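Visitor: Before I ask anything, let me first share the structure, which is written out below as C-alpha cells.
The values are calculated or read from the model by the stated rules, or taken from the named source; none is laboratory data. Keep in mind that what you see is a predicted model, and the values were worked out from it rather than measured. Heads up, the Cβs are rebuilt from the backbone with ideal geometry, glycines too, and the neighbour counts pull from every protein chain shown. Please note that ligands, DNA and RNA were not included when accessible areas were found on the heavy atoms of the full protein model with its side chains. Shrake-Rupley method; radii C 1.70, N 1.55, O 1.52, S 1.80 Å.
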Amino acid sequence: MGILEVNGVGKNFGGLKALSNVNLSVKENTVHAIIGPNGAGKSTLLNCLVGKLIPDTGTVTFAGQSVLGRKPHQINQMGISRVFQTPEIFTHLTVMENVLIPCFARRDGSFRMHAFETVANEHDIVEQAEAMLKDVKMLDKRHMLAANLSRGDKRRLEMAMCLVQEPKLLLLDEPTAGMARADTNNTIDLLKEIKASRPITMAIIEHDMHVVFSLAERITVMAQGTPLVEDTPDNIKGHPKVREAYLGEAQV
Amino acid sequence: MFGLDRKDTVFMLIVVVIALSAPILLNPWPAASQMAQFNAGYPDLMQRFVVYGIFAIGFNILFGLTGYLSFGHAAFLGVGSYAAVWMFKLLSMNIIPAILLSMVVAGLFALVIGYVSLRRSGIYFSILTLAFAQMSFNMAYSVLTPLTNGETGLQLALDDPRILDAANTTNSLPVTNLFGAEMRSSVTWNVGGWSFDFSVGYYVCAVIMLIAFYTSVRIFRSPFGMMLRAVKSNQQRLNYTGINSRPYTLAAFVISGMYAGLAGGLLAAMDPLAGAERMQWTASGEVVLMTILGGAGTLIGPFLGAGFIKYCENIFSKINDQILHQWFALLPDWLENTLVTVLHPFIGKGWHLTLGLIFMLVVVFLPGGLVEGWNRITGLFRRKPKAKPSATTEPAE
C-alpha cells in the first residue's frame, strides 16, 4: 500500500478522454517519475491530485484519506506540496516573505486572524525560514523582491517554499523545463540532497530523460491518458512498448 | 514602541505631531491677507480631511493589500451615518455610542455584502459591490424611508426620545458632544495677523484618526497583512500553500467596511444628519480616487489623497473670476482678460476639471501616487551625498 493511491481515475473534457482508468501507487519515501509524450494526461493527473480538477470516476487516497472533494489548501494541509511548471511565487513580496508564508501556513493552519502580531517578532518562524533559505543557498538574497530573481532562483525559491512545510509528498511538474544543462544538473543535485536529508516522497513529471534516470526509483509511463507500464528505470530503458510509445527513434 | 519598529515609530510620531498641530500648519497666511483663501485651517474642512482620511485608510486595507477593488464602499459610510444619527435620536447625543454602533452596523453590512461579492474576483467583484451599493442607495431613497427619511435625509427632531439624556427644555435642537464637550465649540487664538481655530470636533476626529492609522500600520506589519499582500500577488500559490484565501479577504473587507462605518459615524457626529447621497456611486468612486491619487498600498498615501481631494474641492471651488481679476490686476487689460478666460473652466465649479487633469498626470507619471512623487524627490537628495565621496576619492587615486 503506497502513500498515494490512485484507483481507476478517469477525466473527460467534453468529448476528449484526458484520463481513463488510471491506477498508480506511489510508495512512501521513493522518487516516482511519471513520463509520457505531450497530451498523455500527466498534468491532468497531477491536477486531480491537488484538488484543481475533480476526476469523473475513481478514487485518490493519500495516507489513507481520500483527497477528492477537498480544496487545494486542505490538500496542502494534509501534507502534499506542489512545484509548478512555471515557478509560482509571490512576485511582489521579498524572498524572505515568500518563505515566511508557508511557515505560517504550517504553524497556524489555513486561517488565523493574526492582525495584531508583528512578523518580525515571530522569532521561531523567522529562524525556520532563514534556515531553509540557507539550505537552498539564497540567504543573501532574502531582501530581494522575488520578481527580480533569475528563473533558476525562482525555481529554487518555490522549492524552498514547498520544503519548509516538510510535506510528506512533493509533486514536481517538470522542475527543469526550459533550463540550461548546468541549471538542470544543479536542480538534480538539489533534489538528491533533499531526498537524502529527510524522509520525503516525490512524484516527478518530467520530459528530460537525463533527470528522470538520475533521480527516479520507479517510473510510470503514460500514453493517451492511461498508464502503459510501471517499473524500475533499468527495466523501463529496455522495454519495447515504451520505446515504441515514447522514447522512439531518438533514443537509439 | 507600541509594537512598532524604530522607523514606524518615528513615522507615527511625525503623523501625530502633524495631526495635532494641523490647525496651525494649515493656516499659513494671515487672516486679512489676499492669500487667506488658501488657508485650510478651519474646523469644518479639517474634520473632513481627517474623516475622509479614515475612510481612505480603511479602503486601502482592502484595495491596497488584497487588490480587490470595491466600488461600493460609500454604502458602508452611509450605513454608518444612519446608524449614528439613530443613536443620537434614540439614545444620547454623546458621540461614543453613535460611533460604536456605526462601526458595528457597517461591519455586519460588510460581512453580508463581502460574503457574496468575494465569491468572484477582478471586475466581477467590483461590479457586485457597485450593484450592492447602488441597491442600498436606491432603497435608502425609496422603500426604506421610515428608516432613512428618504430624500430629506435623517435629521434630529425636538421630540426624539434620547433616553439617556436629560429632558430637553430649551426650544432648540441639542448638539453632539463627548461627555459634555460640544463638538462645535472651539477656541480661537489670535497672534499678530493670524487666527487659529482649535475645535473640539477636529481634535476628537484627529485622535480617532490616529488610532485608526496606528491600527492600519499594525495590520500592514502583521502576518495577516502579509497574507493579504500574498492574495494580491498570487492567489493560486497561496491556496496551494495551505492558506484559505477566502476568510482572509472577507476579514479585510469587513475591517475596511468598519473603517468606512467609523468615518460615516464621525461625519454624523460632526453634523448630525444623514442623506442617501452619501451612498451614491460617485462617493464610492471618490474614495478610489483618493487612494490611487495618494498611493494604493502605502501607509500614508490614502490619507494624503483624501486631503488633496478635499482641499481642491473646498479651496479651488471657491476661486471665482473676480478673484482672478484681482490676481492679474497688474497685467495689461487684454492679457488679464485672456488669462481669466483661459483659467475660467479650471476654477469655481470647474474644479473637477483641475482634479481630473491632476489625477491623469499622477496616474501616468507617478503610478505609485503622491507617495511615489515624494520618494522620487527624497531619492534625488539622497543620491547626492553618495556621489560626493566617490568624486573626492577619484583624484586621490
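Visitor: Of the residues that sit in the range B:157-184 and are of a type in the set (S, T, N, Q) and surrounded by fewer than 14 Cβ atoms within 10 Å (Cβ to Cβ), which one is farthest from B:M270 (Cα to Cα)? Quick ask: steps written out before the conclusion?
Guide: As a first pass, look at the range B:157-184 and keep what is of a type in the set (S, T, N, Q): B:168-172, B:176-177.
Filter once more, so that each one left must be surrounded by fewer than 14 Cβ atoms within 10 Å (Cβ to Cβ): B:169-172.
Details: B:T169: 23, B:T170: 21, B:N171: 21, B:S172: 17 Å.
Looking at residues that are of a type in the set (S, T, N, Q) and surrounded by fewer than 14 Cβ atoms within 10 Å (Cβ to Cβ), I get B:T169.
Visitor: Could you check how many residues of the range A:42-78 are farther than 21 Å from A:A105 by Cα and more than 13 Å from chain B (Cβ to nearest Cβ)?
Guide: Final tally of qualifying residues: 17.
Visitor: Let me ask you something else. When you scan the range B:230-252, do you find a residue that is more than 11 Å from every other protein chain (Cβ to nearest Cβ) and either part of a helix (DSSP H, G or I) or open to solvent by less than 10 Å² (accessible area, probe 1.4 Å) (or both), even just one? Don't jump to the end; show me each part of the working.
Guide: Pass one, the range B:230-252, residues more than 11 Å from every other protein chain (Cβ to nearest Cβ): none.
No, there is no match, as no residue in the range B:230-252 is more than 11 Å from every other protein chain (Cβ to nearest Cβ) and either part of a helix (DSSP H, G or I) or open to solvent by less than 10 Å² (accessible area, probe 1.4 Å) (or both).
Visitor: Right, another one. Which condition does A:L145 not pass, out of (1) under 20 Å from A:I194 (Cβ atoms); (2) more than 10 Å from every other protein chain (Cβ to nearest Cβ); (3) in contact (Cβ under 8 Å) with a residue 40 or more places away in the chain, if it passes all the others?
Guide: Of (1) under 20 Å from A:I194 (Cβ atoms); (2) more than 10 Å from every other protein chain (Cβ to nearest Cβ); (3) in contact (Cβ under 8 Å) with a residue 40 or more places away in the chain, only one is false for A:L145: (1).
Visitor: I've got another one for you. Which members of the range B:197-222 meet the condition of being assigned to a strand (DSSP E or B) and surrounded by fewer than 20 Cβ atoms within 10 Å (Cβ to Cβ)? Quick ask: steps written out before the conclusion?
Guide: Start the filter on the range B:197-222 by keeping residues that are assigned to a strand (DSSP E or B), which leaves B:197-199.
Those that are assigned to a strand (DSSP E or B) and surrounded by fewer than 20 Cβ atoms within 10 Å (Cβ to Cβ): B:D197, B:F198.
Visitor: In addition: Return the total of residues in the range A:98-114 being free of Cβ contacts under 8 Å to residues at least 24 places away in the same chain and at the interface with another protein chain (Cβ under 7 Å from one of its Cβ atoms). Write out each step before concluding.
Guide: First pass over the range A:98-114, keeping only residues free of Cβ contacts under 8 Å to residues at least 24 places away in the same chain: A:104, A:107-108, A:111-114.
From what is left, the residues that are at the interface with another protein chain (Cβ under 7 Å from one of its Cβ atoms) are A:104, A:111, A:113-114.
Residues in the range A:98-114 being free of Cβ contacts under 8 Å to residues at least 24 places away in the same chain and at the interface with another protein chain (Cβ under 7 Å from one of its Cβ atoms): 4 in total.
Visitor: OK, next. Condition (residue is in contact with a Lys or Arg (Cβ under 7 Å, 6 or more places away or on another chain), open to solvent by 30 Å² or more (accessible area, probe 1.4 Å) and without any contact (Cβ under 8 Å) to a residue 60 or more places away in the chain) applied to the range A:15-26: is it met by at least one residue? It would help to see each step written out before you state the result.
Guide: So the first thing to find is which residues in the range A:15-26 are in contact with a Lys or Arg (Cβ under 7 Å, 6 or more places away or on another chain), and the list is A:18-19.
Checking which are open to solvent by 30 Å² or more (accessible area, probe 1.4 Å) leaves us with none.
No, that holds for no residue.
Visitor: Also, quick follow-up: So B:K310 clears everything in (1) more than 14 Å from every other protein chain (Cβ to nearest Cβ); (2) within 21 Å of B:V371 (Cα to Cα); (3) of a type in the set (K, R); (4) over 12 Å from the mean Cα position of the chain (by Cα) except one condition, right? Which one?
Guide: For B:K310, the exception is condition (4).
Visitor: To continue, here is another question. Which condition number in (1) out of contact with any strand residue (DSSP E or B) (no Cβ under 6 Å at 6 or more places or on another chain); (2) within 13 Å of chain B (Cβ to nearest Cβ); (3) among the small types (G, A, S) is the one that A:S81 fails?
Guide: A:S81 satisfies every listed condition except (1).
Visitor: Kindly indicate the residue of the range A:40-88 that is of a type in the set (G, A, S) and open to solvent by less than 30 Å² (accessible area, probe 1.4 Å) and also farthest from the chain's Cα centre (by Cα) among those meeting that condition. Reasoning before the result, please.
Guide: Just the residues of the range A:40-88 that are of a type in the set (G, A, S), to begin with: A:40-41, A:43, A:51, A:58, A:63-64, A:66, A:69, A:79, A:81.
Those left that are additionally open to solvent by less than 30 Å² (accessible area, probe 1.4 Å): A:40-41, A:51, A:79, A:81.
Values: A:A40: 18, A:G41: 16, A:G51: 14, A:G79: 12, A:S81: 6 Å.
Across the range A:40-88, the extreme among qualifying residues is A:A40.
Visitor: Sticking with this one: Mind checking which helices (runs of 4 or more DSSP H) fall wholly inside the range B:274-355 and carry at least 3 residues that are in contact with an Asp or Glu (Cβ under 7 Å, 6 or more places away or on another chain) and surrounded by fewer than 13 Cβ atoms within 10 Å (Cβ to Cβ)?
Guide: Numbers: elements: B:281-294, B:301-315, B:321-327, B:333-343.
By residue number, no helices (runs of 4 or more DSSP H) qualify.
Visitor: Sticking with this one: Are any residues in the range A:173-228 without any contact (Cβ under 8 Å) to a residue 60 or more places away in the chain, out of contact with any helix residue (DSSP H, G or I) (no Cβ under 6 Å at 6 or more places or on another chain) and acidic (D, E), and if so, which ones?
Guide: Passing the criteria: A:D189, A:E193, A:D208.
Visitor: Continuing with the same structure: From the list A:T94, A:T118, exactly one residue is at the interface with chain B (Cβ under 7 Å from one of its Cβ atoms), open to solvent by 20 Å² or more (accessible area, probe 1.4 Å) and of a type in the set (S, T, N, Q). Which is it?
Guide: A:T118
Visitor: Continuing with this model, one more query. Which one of these does B:P223 not meet: (1) within 14 Å of chain A (Cβ to nearest Cβ); (2) in contact (Cβ under 8 Å) with a residue 24 or more places away in the chain?
Guide: Only one criterion is unmet by B:P223, namely (2).
Visitor: Considering every residue within the range B:201-214, establish whether at least one is within 14 Å of another protein chain (Cβ to nearest Cβ) and either touching an Asp or Glu at 6+ places or on another chain (Cβ under 8 Å) or under 30 Å from A:R106 (Cα atoms) (or both). Spell out how you get there, then give the answer.
Guide: If we filter the range B:201-214 for residues that are within 14 Å of another protein chain (Cβ to nearest Cβ), which is where we start, we get B:211-212, B:214.
Next cut, either touching an Asp or Glu at 6+ places or on another chain (Cβ under 8 Å) or under 30 Å from A:R106 (Cα atoms) (or both) only: B:214.
Looking through the range B:201-214, at least one residue is within 14 Å of another protein chain (Cβ to nearest Cβ) and either touching an Asp or Glu at 6+ places or on another chain (Cβ under 8 Å) or under 30 Å from A:R106 (Cα atoms) (or both).
Visitor: Oh, and also: Conditions first: (1) under 27 Å from A:K42 (Cα atoms); (2) within 14 Å of chain B (Cβ to nearest Cβ). A:A182 passes all but one, so which condition is the exception?
Guide: (2)
Visitor: Pick from the range A:121-141 the residues that are open to solvent by 70 Å² or more (accessible area, probe 1.4 Å) and within 17 Å of A:C103 (Cβ to Cβ): which of them is farthest from the other protein chains (Cβ to nearest Cβ)?
Guide: To start, the set of residues in the range A:121-141 that are open to solvent by 70 Å² or more (accessible area, probe 1.4 Å) comprises A:121, A:123-124, A:127, A:134-135, A:137, A:140.
Pick out the ones that are also within 17 Å of A:C103 (Cβ to Cβ) and you get A:121, A:123-124, A:127, A:134-135.
Details: A:N121: 8, A:H123: 13, A:D124: 12, A:E127: 15, A:K134: 20, A:D135: 18 Å.
Filtering first and then ranking leaves A:K134.
Visitor: Would you confirm, using the coordinates I've provided, whether B:L128 is open to solvent by 30 Å² or more (accessible area, probe 1.4 Å) and in contact with a helix residue (DSSP H, G or I) (Cβ under 8 Å, 6 or more places away or on another chain)? Steps first, please.
Guide: Details: open to solvent by 30 Å² or more (accessible area, probe 1.4 Å): yes; in contact with a helix residue (DSSP H, G or I) (Cβ under 8 Å, 6 or more places away or on another chain): yes.
Yes.
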